[in-house]
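Undergrad: Here you go, one structure.
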Amino acid sequence: KAIRLQDYRPPAHRIDRVDLHVDLGEDVTTVRAVLAIRRNPDRADAGTEALTLDGQRLVLRSVAVDGRTLDAADYTLTPDHLILTDTPDAFTLETVVEIKPQENTALEGLYKSSGNFCTQCEAEGFRKITYFLDRPDVMAVYSTTITGDKARYPVLLSNGNLADSGDLADGRHWARWEDPFPKPCYLFALVAGTLVHGEERFRTASGRDVTLRIYVEPGNEDKIGHAMRSLVKSMRWDEEVYGLEYDLDIFNIVAVGDFNMGAMENKSLNVFNTKYILAKPETATDLDFQNIEAVVAHEYFHNWTGNRVTCRDWFQLSLKEGLTVFRDQEFSADMNSRAVKRIADVQGLRTVQFQEDAGAMAHPVRPDSYVEINNFYTPTVYNKGAEVIRMIHTLLGAENYRKGIDLYFARHDGQAVTCDDFVAAMADASGVDLSQFQLWYRQAGTPELAVTGRHDPATATYRLTIRQTVPPTPGQPTKQPMHIPVVVGLLGPDGADLPLRLEGEAAAAGTSRILHVTAESQTFTFQDVAARPVPSLLRGFSAPVKLTSDLSDADLTFLMAHDSDAFNRWEAGQILGGRILLGLVADQQAGRALVLPDSYVDAVAAVLADADRDPAFAAQALVLPTEAYLGTQMAVIDPDAIHTVREFARKTLATALRADWLAAHRRNVTPGAFSVDAAAIGKRALKNLCLAYLMAAEDAEALGLCLGQYHGATGMTDVIAALQFLSNSPAAEREEAIADFYNRWKAEPLVVDKWFSVQAMSHRADALARVRALLDHPAFEIRNPNKVYALIGGFANGNPVRFHAAGGEGYRFLADQVLRLDPMNPQVASRLMGPFSRLRRYDAARQALMKAELERIVGTTGLSSDVYEIASKSLEAA
Ligand code: ARG
Ligand code: ZN
């Protein structure tokens, strides 16, 4: 069942040209494919190997080779393949198949969303459209002719340029699209339906005029401006920073309401989940606006990193995803606050990816085996993969990194390549030795660094000793030491950075330096350090590791106030907060009274007093470490103690600093017209954080402020924040507000999703009962992935204390939903399984309860490979 990297063979055949003729119907859709096929000259050993085409759920109507129709005896048909033997060395294959997109609930291949046709082919959806060699190293030039009813499907789109179109009898019409760039079939796309569009023009650096269009369902034309502006900014940024220009005359985006993931980079026809396109301040939060900018950029950047140069096989997925995430992160950093963006990305990595790395599904950035490739579109491949590219950028420096990128495209444009090819281009262009560094692609698990510092006044030296360990993960019991770039600075007693001179160097160079940690234990000695410094370690989070140090609480408070590295100012506060909360968790478990140290209250007060200088940063710095993050720091996660302690700390800070929260809240209310510029976003974030604390104190004045904001605010950021605080509050007004919100927003599906997730994530004891009831709400649709992720996913991933209820009812609920969803949409079912894959991180009683649910899942007949892989691997690791 498992596919292994070591078994990779180039294909025995190549497909150079594809002419698709798709006849769209209400009952059946017919796909006629004309393929120019030849033996692969690079596979001399393949001899006369049979041609094995992939195909699933296709009804085969005819097969012809070079114009001669074959008899059933001339080929072999299995549920997954069409096999032809004794074919000529080069020939034309014509197949005709029938499919039923209207019955496709898996949303993979050709399917319908709100009556419109659309496709999702990555990773292996093209085989549900026609027989093909469905693997990314088979690259072909495509033409696509679409025929359909003109009234129902006035818009007919596919990849490339519109070559011709016309009307037919019976109210039908057709369009032929031609894409001149060879591409793997996972980048194929087709859209047909009733859509309206917004349009913009873009002139590339070399003078090509490009038409940009964003297509949406009628009624949404007022929500595409932000996505369009984001697209234009992305195109300009890629020219300026990477020297990469768009390569066709047209770039289309289509937003659809039913989509398994975020978006898809199909050549010149990106298809998006509406969540990442539609926005206006009344319906979308500041976070939505930021996510749209990032995802629009991500998909656009794939045009070069993914499409022009693609993956040889799916083990290389991070070649395009890690690199493209790094590119979109840097784009967002350039468009907004770099420090705030880095903090948000690191928080995401630490909660979601570190959890994955510590669970049953832990895998390297380049996995070496999989059962179902759709299970490997993971935070490890995407986000840890992006950290790997970021480390290469750090090791090479911006200039050499760009030389490496240029060499990568000079060598591989038009090819399907490997992660090794990318690293080789980087090493060759820069002369930097990346051989040990490549372990980042092969070894799973989060490396752990333990750092100790020793100052010697007699010799005026400061020694940092760094020990690394890489924990065992499933299938990888022992690990080799990694090459870890640890960027450090030293703060002198006045808080200023010291110039850094390492042992053996003639003169100091810079105040931030990369320490190359390559062995299990290493000591780095700094010269000319008269007084004991405070080290600033892992600046900018220069490597995706867990770092512990011997810094004292006083050192951390000093760093919070003085570090020139903004990320580490935030980080010092998180370490301090984490340390204190984890200490309280131990007190709670031992039945001791909870006391929040005054020194910590003072440290928070100091950050709050300084908050107006950079409200966005302060809003991040004033958030206590999340429950999920605190869990990653414990040997055995105790969700109840973590929740109790974090709520206790919030309430204590709320009461102790009540006047300060109130004052800061008042100062950051932005009157006047609503705006989504960075300054307004920062003020709103800080204001809502203050309100969150005030609401934790549960007094009448706070409730009045919150209700006032709920009823008076014009922007969704403020409305949904107020609703979220109310949903956690004991106040009677809670239910009124929840009912009011639905009535106000029931016509906007994306806003209703927010309503579902706020309720699913409420800490209140009745959360699960409410979620169960909402499954029957008229607005809930089990076939719509966004609804499932909002309600069921919101509960399973966003509500640890209720999901992990000691009686196991949360586990039973999730397993029931997974089993209900699996026959309809395996990808969505499998993406809900995350919490189960981490069962061994919990106590024995919870483990047993989760195991029982997993056994029930694995014992179900007809399970998809998606859910089976996660359930069985979770049980193996238990
Ligand atoms: N390549 C897309 C992106 O990074 C993700 C699509 C993955 N889809 C899937 N069904 N596995 O934006
Ligand atoms: Zn991507």
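A short reminder: the numbers here are calculations on the coordinates, not readings from a lab. Please read these numbers as outputs of a predicted model, since none were measured by experiment. Because the Cβ atoms are built from the backbone with ideal geometry, glycine has one as well, and the counts that use them run over all protein chains shown.
Undergrad: If you plug each phi of the stretch 212-217 into the Karplus form 6.51 cos²θ - 1.76 cosθ + 1.60 with θ = phi - 60°, what whole-Hz ³J(HN,Hα) values come out, in order, with x for Gly and Pro?
TA: Computed from phi, the couplings for the stretch 212-217 are 9, 10, 10, 9, 9, 5 Hz.
Undergrad: Relative to the Cα centre, what is the charge dipole magnitude of the stretch 771-868, using +1 at the beta carbon of each Lys and Arg, -1 at the beta carbon of each Asp and Glu, and rounding to the nearest 20 debye?
TA: 240
Undergrad: Oh, and also: What does the convex hull of the Cα atoms of the stretch 72-204 come to per residue, in Å³, rounded to a whole number?
TA: 169
Undergrad: From the convex hull of the Cα coordinates of the stretch 698-847, what is the mean projected area in square nanometres?
TA: Value for the stretch 698-847: 9.5 nm².
Undergrad: Further, regarding this structure: Can you give the extra length, in nm with one decimal, that the chain gains between ASP167 and VAL196 once fully stretched, where that is 0.36 nm per residue apart less the Cα-Cα distance?
TA: Net length gain for the segment: 8.4 nm.
Undergrad: Below 10 angstrom from the Cβ of VAL65, what's the summed charge of the other residues (Lys, Arg +1; Asp, Glu -1)?
TA: Residues near VAL65 contribute -3 overall.
Undergrad: Counting residues in the stretch 52-128 as N, plug N into 2.2 N^0.38 Å and put the Cα Rg over that result.
TA: 1.25
Undergrad: If you add up the charges near LEU168, with Lys and Arg at +1 and Asp and Glu at -1, over every other residue whose beta carbon is less than 11 angstrom from its beta carbon, what do you get?
TA: That works out to -2.
Undergrad: Here's something else I'd like to know. Using a simple charge model, +1 on the beta-carbon of Lys and Arg, -1 on the beta-carbon of Asp and Glu, nothing else, what dipole does the stretch 541-609 show about its Cα centre, in debye to the nearest 20?
TA: Magnitude of the dipole: close to 240 debye.
Undergrad: Hey, another quick one. So what is the calculated 222 nm ellipticity per residue for the chain, using -39500 (n - 2.57) for each DSSP H run with n of 4 or more, over all residues, to the nearest 500 deg cm²/dmol?
TA: Per the formula, -12000 deg cm²/dmol.
Undergrad: If you keep only loop residues by DSSP, which GluC sites (Glu not before Pro) in the stretch 693-742 have at most 16 other Cβ atoms within 10 Å of their Cβ?
TA: Here the GluC sites (Glu not before Pro) that fit, given the DSSP loop and packing criteria, are GLU698.
Undergrad: Taking only Cα atoms, what is the 0 to 90° angle, nearest 10, from helix 658-667's long axis to the longest principal axis of the chain?
TA: Orientation of helix 658-667: about 50 degrees from the principal axis.
Undergrad: What translational diffusion coefficient, to the nearest whole µm²/s, does the stretch 461-555 have by Stokes-Einstein, given a Kirkwood radius computed over alpha-carbon pairs, a temperature of 10 °C and 1.306 mPa s viscosity?
TA: The Stokes-Einstein estimate is 109 µm²/s.
Undergrad: Which of the trypsin sites (Lys or Arg not before Pro) across the stretch 290-333 are loop residues per DSSP, with 12 or fewer other Cβ within 10 Å?
TA: Of the trypsin sites (Lys or Arg not before Pro), not one in the loops of the stretch 290-333 has a Cβ with at most 12 other Cβ atoms within 10 Å.
Undergrad: Another question, if that's okay. State the Cα centre-to-centre distance between the stretch 584-599 and the stretch 739-786 in whole Å.
TA: Cα centres, the stretch 584-599 to the stretch 739-786: 36 Å.
Undergrad: For THR283, list long-range residues whose amide hydrogen, built 1.01 Å from N in the peptide plane, is under 5 Å from its own amide hydrogen.
TA: MET716
Undergrad: Given the pairs LYS280/LYS787; LYS746/LYS787; LYS100/LYS787, which span a C-alpha to C-alpha distance of over 18 angstrom in this model?
TA: The pairs that break the limit, which is 18 Å between Cα atoms, are LYS280/LYS787; LYS100/LYS787.
Undergrad: OK, next. Tally Lys and Arg at +1 and Asp and Glu at -1 over the other residues with C-beta under 12 Å from the C-beta of VAL604: what net charge comes out?
TA: Net charge in that neighbourhood comes out at -3.
Undergrad: Could you give the radius of gyration (one decimal) and Dmax (whole number) of the Cα atoms in the stretch 656-703, in Å?
TA: 11.4, 34
Undergrad: Normalized C-alpha radius of gyration of the chain, against 2.2 N^0.38 Å?
TA: After normalising by residue count via 2.2 N^0.38 Å, the value is 0.97.
Undergrad: Over the stretch 407-476, how many percent of alpha carbon pairs lie in each 5 Å bin up to the one with the longest distance?
TA: 3, 12, 15, 12, 13, 13, 11, 10, 6, 3, 2, 1, 0
Undergrad: Short version: ³J(HN,Hα) in whole Hz for each residue of the stretch 455-466, in order, from phi by Karplus 6.51 cos²θ - 1.76 cosθ + 1.60 (θ = phi - 60°), x for Gly and Pro, what are they?
TA: Karplus-based 3J(HN,Hα) across the stretch 455-466 equals 9, 10, x, 4, 9, 6, 10, 10, 10, 10, 9, 10 Hz.
Undergrad: log10 I(q)/I(0), Debye, Cα-only the stretch 292-367, no solvent, q = 0.14, 0.15, 0.23 Å⁻¹?
TA: -0.54, -0.62, -1.10
Undergrad: Per the Debye formula with a single identical scatterer at each Cα and no solvent contribution, what log10 I(q)/I(0) holds for the stretch 785-878 at q = 0.14, 0.20, 0.22 Å⁻¹?
TA: -0.43, -0.91, -1.10
Undergrad: Calculate log10 I(q)/I(0) of the stretch 411-530 for q = 0.15, 0.18, 0.20 Å⁻¹, where I(q) comes from the Debye formula with a single equal point scatterer on each Cα and nothing for solvent.
TA: Reported log10 I(q)/I(0), two decimals: -0.84, -1.02, -1.12.
Undergrad: Let me ask you something else. Could you pull out the pairs from LYS384/LYS754; LYS275/LYS754; LYS183/LYS275; LYS479/LYS873 whose alpha carbons sit more than 18 Å apart here?
TA: Over 18 Å apart, Cα to Cα: LYS384/LYS754; LYS183/LYS275; LYS479/LYS873.
Undergrad: What are the extents of the Cα atoms of the stretch 516-623 along their three principal axes, in Å, largest first?
TA: 44, 39, 30
Undergrad: Here's another thing I want to ask about it. Taking the Cα atoms of the stretch 699-762 alone, what are Rg (to one decimal) and Dmax (as a whole number) in Å?
TA: Both quantities, over Cα of the stretch 699-762: 10.9, 34 Å.
Undergrad: From the backbone phi of the stretch 590-600, what are the Karplus-calculated ³J(HN,Hα) couplings (6.51 cos²θ - 1.76 cosθ + 1.60, θ = phi - 60°) in whole Hz, Gly and Pro given as x?
TA: 8, x, 7, 5, 8, 9, 8, x, 4, 4, 6
Undergrad: Related question: Would you mind estimating how fast the stretch 577-639 diffuses translationally, via Stokes-Einstein at 10 °C and 1.306 mPa s with the Kirkwood radius over Cα pairs, in µm²/s?
TA: 121
Undergrad: Using DSSP to define loop residues, name the trypsin sites (Lys or Arg not before Pro) in the stretch 1-107 whose beta-carbon has at most 12 other beta-carbon atoms within 10 Å.
TA: LYS1
Undergrad: May I have the pair-distance distribution P(r) for the stretch 253-310, computed from all Cα-Cα distances with 10 Å bins from 0 and rounded to whole percent?
TA: Pair shares across the bins are 25, 51, 21, 3.
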